[in-house]
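Peer 1: Let me give you the structure first, and then I'll get to my questions.
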């Protein structure tokens, strides 16, 4: 059982065998965390560099079961980027972490895969579902593909 904490960098397996990356920003309940999701793809086993605010594409309140059971791996521990560096971010809304919807690890994995073109961006019943994950001012990643 892996213990996780604020500022952990966590790798998420992707459908092509690669890895996605997120960082724990804060606790958001007993089995939940606020996570900064990125488009970065670290090499397996390589040291992961600290995130910059510009690396963050989404903030999500996530269930932490995939970290606890080892499906997602803690790859390091680094300073959290300054949220004030994200000018379009509604920091007041983000401070209400527990009020954000709790995302299942499978949904987070699907989002990260969709960001890299490995899963259709419009693959959920609501074709714009992943658009709602993006930070204000962020556009759909270039690699994203529409499957409908």
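Read-outs: derived from the displayed coordinates by stated rules, not from any lab. Because the structure is predicted, anything quoted here is derived from the model rather than measured. No Cβ is skipped: glycine too gets one built from the backbone with ideal geometry, and neighbour counts run over all protein chains shown.
Peer 1: Give me the one-decimal nm value for the distance between modelled label points at residue 106 and residue 47, 7 Å along each residue's Cα-to-Cβ direction.
Peer 2: Label at residue 106, label at residue 47, 3.8 nm between them.
Peer 1: For the chain, give me the percentage of DSSP beta bridges that are antiparallel, rounded to the nearest 5 percent.
Peer 2: On the way: 21 of 23 bridges.
For the chain, the DSSP antiparallel bridge percentage is about 90.
Peer 1: For log10 I(q)/I(0) by the Debye sum over Cα atoms at q = 0.10, 0.18, 0.22 Å⁻¹, one of (i) -0.34, -0.99, -1.29; (ii) -0.30, -1.08, -1.64; (iii) -0.42, -1.05, -1.35 was computed from the structure I shared and the rest are decoys. Which label?
Peer 2: (ii)
Peer 1: Another one. Mind telling me which of 12, 25, 107 comes out most flexible in a GNM of the chain, alpha-carbon contacts under 10 Å?
Peer 2: 107
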